[in-house]
1. Write out, first by first residue and then by second, each pair whose Cβ atoms fall under 7 Å of each other, whose residues are 6+ apart or on separate chains, and whose first residue, in the range 169-193, is more than 17 Å from Ile208 (Cβ to Cβ) while the second is open to solvent by 20 Å² or more (accessible area, probe 1.4 Å) and not in a loop (DSSP other than H, G, I, E, B).
2. Is at least one residue of the range 244-251 away from the ligand (no atom under 11 Å from the Cβ), at pLDDT 95 or above and open to solvent by less than 10 Å² (accessible area, probe 1.4 Å)?
3. Take the conditions over 18 Å from the mean Cα position of the chain (by Cα) and among the hydroxyl-bearing types (Ser, Thr, Tyr) and apply them to Ser233. Does it pass?
4. Could you list, in sequence order, all residues of the range 167-214 that are touching a strand residue (DSSP E or B) at 6+ places or on another chain (Cβ under 8 Å), within 14 Å of the ligand (Cβ to nearest atom) and not in a loop (DSSP other than H, G, I, E, B)?
5. Do any helices (runs of 4 or more DSSP H) lying entirely in the range 1-89 carry at least 1 residues that are open to solvent by less than 70 Å² (accessible area, probe 1.4 Å) and more than 22 Å from Tyr122 (Cα to Cα), and which ones are they?
6. Just the residues that are within 15 Å of the ligand (Cβ to nearest atom) and either in a loop (DSSP other than H, G, I, E, B) or of a type in the set (A, V, I, L, M, F, W, C) (or both), please, taken from the range 219-234.
7. Anything in the range 90-109 that is in contact (Cβ under 8 Å) with a residue 60 or more places away in the chain and either open to solvent by 50 Å² or more (accessible area, probe 1.4 Å) or out of contact with any Asp or Glu (no Cβ under 8 Å at 6 or more places or on another chain) (or both)? List them, or say none.
8. Go through the residues of the range 187-202 one by one and say whether even a single one is crowded, with 24+ Cβ neighbours inside 10 Å and either of a type in the set (Gly, Ala, Ser) or in contact with a Leu (Cβ under 6 Å, 6 or more places away or on another chain) (or both).
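The values are calculated or read from the model by the stated rules, or taken from the named source; none is laboratory data. All values derive from a computational prediction rather than experimental measurement. We place every Cβ from the backbone using ideal geometry, glycine too, and count neighbours over all the protein chains shown. Note: accessible area is taken over every heavy atom of the protein model, side chains too, but ligands, DNA and RNA are not part of it. Shrake-Rupley method; radii C 1.70, N 1.55, O 1.52, S 1.80 Å.
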Amino acid sequence: MINAPVRSKIIEAKQKGQRAHWVLLDPDDFTIEQAAATARSSEENGVSALLVGGSLLHTNHTDEFVKHLREAVDIPVILFPGDSTQLSKHASALLYLSLISGRNPVNLIGEHVKAAPIIRQYGLEPIATGYMLVESGAVTSVEFMSDTRPLPRGKPGIAAAHALAAQYLGMHMIYLEAGSGATLTVPPEMIKAVRSCVDIPIIVGGGIRDKAAALEKLDAGADIIVTGNLLQSSGGLEVMKEIAQCVRGYS
Ligand code: 1GP
């Protein structure tokens with residue numbers, strides 16, 4: 001029997017019709033103290049989980065960062081790794097991301113093979129996630145770093161086919177990603193098309209900077225909204241709290 005407590009909680013929430021807000025903390029953007037304070041504030045305002053990672057990290061304190069976050073909050077701290085070097089034994093789980101919108105074998109299986117023995121050694125819970133980049137107005141870090149092309153934003157049917165393939169391959173979640181700091185967010189038509197053909201949870205992130213954008217994604221069928229960059233803007237913490245409360249109360 002598979003022991004997957006974080007995934008089980010995500011599925012349980014979905015079955016109850018609850019939506020969730022996750023906050024991405026990029027270790028390059030925060031000191032450990034700032035991150036712990038932001039994490040506490042997130043938890044107090046109804047955020048369900050924290051993601052930690054980035055497409056390219058300039059700092060090497062992920063392990064320490066995750067350790068302190070786990071001590072600061074009770075909500076899960078989930079790795080969102082840009083590659084197999086961003087692992088920590090202190091995490092609650094990790095998104096085992098396959099970049100299925102691209103055709104780069106490194107992001108489809110190469111990094112997974114490198115990470116697998118470490119995941120096992122650390123006893124981490126991997127959550128197999130079909131990660132799909134969506135064209136968002138400009139080249140994003142993840143697009144550049146992964147050397148892949150995003151899905152065309154005006155082609156929801158192509159996104160739906162990718163998501164269905166991920167579900168058939170046994171993946172546990174879909175992540176529709178416009179990219180951190182994206183100019184344009186994932187179009188609602190695309191979320192609806194994906195929702196209409198998969199049952200697994202759908203995460204949507206990239207460029208969500210206000211409550212209206214978050215609500216648009218929820219109305220289209222997203223189960224989980226991710227915000228990150230917002231926290232770097234002035235007044236961002238307040239907006240993050242507003243989104244968290246709105247998602248918590250969504251029905
Ligand atoms: C990036 O989807 C996340 O991977 C969050 O994006 O930083 O634009 O909120 P933002």
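1. Gly170/Ala128; Met171/Ala128; His172/Arg7; His172/Ala128; Ala193/Pro156; Ala193/Gly157
2. yes
3. yes
4. Met173, Ile174, Tyr175, Leu176, Glu177, Ile191, Ile202, Ile203, Val204, Gly205, Ala214
5. Hits in the range 1-89: 5-15, 32-44.
6. Answer for the range 219-234, where residues must be within 15 Å of the ligand (Cβ to nearest atom) and either in a loop (DSSP other than H, G, I, E, B) or of a type in the set (A, V, I, L, M, F, W, C) (or both): Ala222, Asp223, Ile224, Ile225, Val226, Gly228, Leu230, Leu231, Ser233.
7. Answer for the range 90-109, where residues must be in contact (Cβ under 8 Å) with a residue 60 or more places away in the chain and either open to solvent by 50 Å² or more (accessible area, probe 1.4 Å) or out of contact with any Asp or Glu (no Cβ under 8 Å at 6 or more places or on another chain) (or both): Leu95, Leu97, Ser98, Ile100, Ser101.
8. no
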